[in-house]
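The block underneath contains the structure these notes are about, expressed in structure tokens.
The values are calculated or read from the model by the stated rules, or taken from the named source; none is laboratory data. No experiment lies behind these values; they were computed from the predicted model shown. Cβ placement follows ideal geometry from the backbone for every residue including glycine, while neighbour counts extend to all protein chains displayed. All accessible areas refer to the heavy atoms of the entire protein, side chains included, with ligands and DNA or RNA removed. Shrake-Rupley method; radii C 1.70, N 1.55, O 1.52, S 1.80 Å.
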Protein chains: 2
Amino acid sequence: MAGEREALELIERVRSRPPRFRDAQITMAHGAGGKATLNLIEGLLAPAFGLTELADAAAVGDVALTTDTFVVTPIRFPGGSIGELAVNGTVNDLAVGGARPAAITVALVLEEGLAADELRDEVDAIARAAEAAGVRVVAGDTKVVERGRCDAMYVCTTGLGHVDPRAALAPSALRPGDRLLISGPVGEHGVAIMLARGQFELAAPVESDTRSLWPAVDALLEAAGPSLRCLRDATRGGVASVLNELSRASAVGMLVREAAVPVRPQVAGACEILGIDPLYVANEGVLVAAVAAEGAEAGLRALQGVPGCEAAAEIGEVRAAPEGMVIVETGFGGRRVMDMLVGDPLPRIC
Amino acid sequence: MAGEREALELIERVRSRPPRFRDAQITMAHGAGGKATLNLIEGLLAPAFGLTELADAAAVGDVALTTDTFVVTPIRFPGGSIGELAVNGTVNDLAVGGARPAAITVALVLEEGLAADELRDEVDAIARAAEAAGVRVVAGDTKVVERGRCDAMYVCTTGLGHVDPRAALAPSALRPGDRLLISGPVGEHGVAIMLARGQFELAAPVESDTRSLWPAVDALLEAAGPSLRCLRDATRGGVASVLNELSRASAVGMLVREAAVPVRPQVAGACEILGIDPLYVANEGVLVAAVAAEGAEAGLRALQGVPGCEAAAEIGEVRAAPEGMVIVETGFGGRRVMDMLVGDPLPRIC
């Protein structure tokens, strides 16, 4: 099929151009974790700050640092709340960076008029999640802005971790033949938030998967340490965005077997009704691991032994071509390009 | 004057009660750096997170961490902008914590519709300020919220520094006889912001003093290292709030000679017209140092040799009583209690 090959080569050429930030205004899409976010980061922020590799956590000597602001709405949802998310999200960025989470800072922006009890609940949620994740809250900050200049509260957490000597991870380290593992069923956080917003006439028992991924990372490092190429938590933009970023960073292709991706029935059902692909939906407790073939089975077994990761699965593999692209093999043997997210179907998911 | 002594003893008893957070709602005062902020921090956040000492930066092993969100409005003002402020503010919290600033993370919350050029300007400001302060931007995050859920942009920076071996600083280390130094003229940042808002029919050539304070701290540590008790940058709530916090933390009294406090004529003039005391106005490049008497002169001379700190001065001293209180000796020989800031006369100053 020469036509298909030529089309792929064209996409590949377009794809290999350095992203540029040309927009005149910031739109919700710039915060969605997809193409517009990538253009903003790679086209403006990374060059200005001299950042070369867009990892989840950056090493400073033997410690790793990562930062994230949480602007999720509503602030409470089935399975969690903004405070818990703010701890786990940052802990997970450290974990997938191969660093054992040790300490976090918490900076709050509060909207004038916020009920003190709501604040108390989130402060408690932060304290509990930090304890569960084994991190110490070491510093904080509080700002208050006028009504209508925030949305209840935003929480910025920064995490410090100790780089694990077993980890040698980089988004550019993937090689053809590597296997792609996923730590659990996808789409739960995003679907839980959507349902919590009540925009859809749909009730399904779906809870956010917010949790610390350090136990999963620890198990993977122990079972497959030197075989591990890169880990990513599949938050904004979902598994699809993570795989696209890694395929670009490593200049490799990927083949994903859709039928192998674990999705709970209630999430699959909600996604079908809402017309969205669970591979693009945000998770807050799911990681993607690229592992050299020789370590894949041990890695997968180790993952499956971690509470919450029983459904871990191998979902595909790294190919030499088409560079920077992710191809999905559907249940019926068809194939399609799984592109980066465009626009922002689910704003303010984290 | 038995009446005066009794009154002071009563205030002292009230003052020594542990702060409690009893408010039903968040108000702008909770973000102002004064009494309400202290009640929120000491009454809710610190106990929940197990924070014992409310220092500007927390030590984690041999590194120090600090975090701050900047919500200043307008985002550009004479002498600086939010990006520059976000770097210097966090660098300064490390510096006054006795840590040499090394790295920062930058988390942006952007309002949908923000002009890309405004963002570019602030990204450049962040990069330039980081370079000037000798810190590397190591990680970042970008979130976008809908119009009316932010105010152009908020910037959360977290700083990592290396604890300087010359520094042994603590807010509880002040002793009667210590001298109080200030690194430069007060009130410039706050007055610059107020004038930039155009709420007052007043134009005066006042620029924000935003700058890195590490050179000042470095000079102080070199000249008076073991004599230094504590350093604080006098941001929200101004010099008055810093002195009140230190007097409470060390259970000492303070005497400040008003006439010794450096204030530029245009700031003094603006404050007089606006009816505010420059000692309560925020600074972004001024530190207060408590120094044992034997190191005070060397410390002051060292400070005066640092560019931007030529007007450094000794403004008062630590006394045994009244515990937790700051007394100001006015130019006319009168005395008054310089209490903590109540309410928020200047919201969103940083």
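Here B:E284, B:E297, B:E310 are screened, and the one residue that is under 16 Å from the mean Cα position of the chain (by Cα) and either without any contact (Cβ under 8 Å) to a residue 60 or more places away in the chain or within 30 Å of B:A133 (Cα to Cα) (or both) is B:E284.
Residues that are touching a residue at least 60 places away in the same chain (Cβ under 8 Å) and at the interface with another protein chain (Cβ under 9 Å from one of its Cβ atoms) within segment A:101-113 comprise just one, A:A102.
Rundown of residues vs (1) open to solvent by 10 Å² or more (accessible area, probe 1.4 Å); (2) of a type in the set (A, V, I, L, M); (3) at pLDDT 95 or above, yes/no style:
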{"position": "B:D56", "(1), (2), (3)": "yes, no, no"}
{"position": "B:V72", "(1), (2), (3)": "no, yes, yes"}
{"position": "B:G79", "(1), (2), (3)": "yes, no, yes"}
{"position": "B:A95", "(1), (2), (3)": "no, yes, yes"}
{"position": "B:G98", "(1), (2), (3)": "no, no, yes"}
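Quick check, is A:T142 touching a Ser or Thr at 6+ places or on another chain (Cβ under 6 Å) and of a type outside the set (D, E)? Against the criterion (touching a Ser or Thr at 6+ places or on another chain (Cβ under 6 Å) and of a type outside the set (D, E)), A:T142 does not qualify. Scanning segment A:22-40 for residues that are in contact with a strand residue (DSSP E or B) (Cβ under 9 Å, 6 or more places away or on another chain) and facing another protein chain (nearest Cβ under 7 Å) yields a total of 9. A single entry from B:A116, B:A192 fulfils the requirement of being hydrophobic (A, V, I, L, M, F, W, C) and touching a residue at least 24 places away in the same chain (Cβ under 8 Å): B:A192. For B:G177, are the conditions met, namely being in contact with a Ser or Thr (Cβ under 9 Å, 6 or more places away or on another chain) and not hydroxyl-bearing (S, T, Y)? No; evaluated as a whole, the condition is false for this residue.
Reported count of residues in segment B:42-69, each being within 7 Å of another protein chain (Cβ to nearest Cβ) and in a helix (DSSP H, G or I), is 4.
Residues in segment B:215-238 that are in a helix (DSSP H, G or I) and surrounded by 22 or more Cβ atoms within 10 Å (Cβ to Cβ): B:A216, B:V217, B:L220, B:L221, B:A224, B:G238.
B:C156: under 21 Å from the mean Cα position of the chain (by Cα) and in the same structural domain as B:V63 (by TED's automatic domain parsing), yes or no? Considered against the rule, which asks whether it is under 21 Å from the mean Cα position of the chain (by Cα) and in the same structural domain as B:V63 (by TED's automatic domain parsing), B:C156 comes out as yes. Being under 20 Å from the mean Cα position of the chain (by Cα) and either within 21 Å of B:R236 (Cβ to Cβ) or within 10 Å of another protein chain (Cβ to nearest Cβ) (or both) is not true of B:V137.
When B:G198 is tested against (1) in contact with a Leu (Cβ under 7 Å, 6 or more places away or on another chain); (2) modelled with pLDDT under 95, exactly one condition is not met: (1).
If I filter segment B:117-132 for residues that are of a type outside the set (V, I, T), facing chain A (nearest Cβ under 8 Å) and surrounded by 24 or more Cβ atoms within 10 Å (Cβ to Cβ), do I get at least one hit? Scanning segment B:117-132, I find at least one residue that is of a type outside the set (V, I, T), facing chain A (nearest Cβ under 8 Å) and surrounded by 24 or more Cβ atoms within 10 Å (Cβ to Cβ), so the answer is yes.
Of the strands (runs of 3 or more DSSP E) lying entirely inside segment B:239-350, those containing at least 2 residues that are in contact with a strand residue (DSSP E or B) (Cβ under 9 Å, 6 or more places away or on another chain) and open to solvent by less than 10 Å² (accessible area, probe 1.4 Å) span B:253-257, B:287-291, B:313-319, B:326-329.
Filtered by the rule that a residue be on the phi < 0 side of the Ramachandran plot and either crowded, with 22+ Cβ neighbours inside 10 Å or touching a helix residue (DSSP H, G or I) at 6+ places or on another chain (Cβ under 8 Å) (or both), segment A:185-198 gives A:P185, A:V186, A:E188, A:H189, A:G190, A:V191, A:A192, A:I193, A:M194, A:L195. Against the test of being in contact (Cβ under 8 Å) with a residue 24 or more places away in the chain, within 14 Å of chain A (Cβ to nearest Cβ), open to solvent by 10 Å² or more (accessible area, probe 1.4 Å) and part of a loop (DSSP other than H, G, I, E, B), the options B:R149, B:R175 yield a single qualifying residue, B:R149. Has segment B:43-50 got any residue that is touching a residue at least 60 places away in the same chain (Cβ under 8 Å), open to solvent by less than 40 Å² (accessible area, probe 1.4 Å) and outside the structural domain of B:V286 (by TED's automatic domain parsing)? No, segment B:43-50 has no match at all.
None of B:L119, B:L110 is assigned to a strand (DSSP E or B) and more than 24 Å from B:V60 (Cβ to Cβ) except B:L110. Looking only at residues of segment B:27-41 that are of a type in the set (A, V, I, L, M, F, W, C) and either assigned to a helix (DSSP H, G or I) or at pLDDT 90 or above (or both), we find that the one that is nearest to A:R100 (Cα to Cα) is B:I41.
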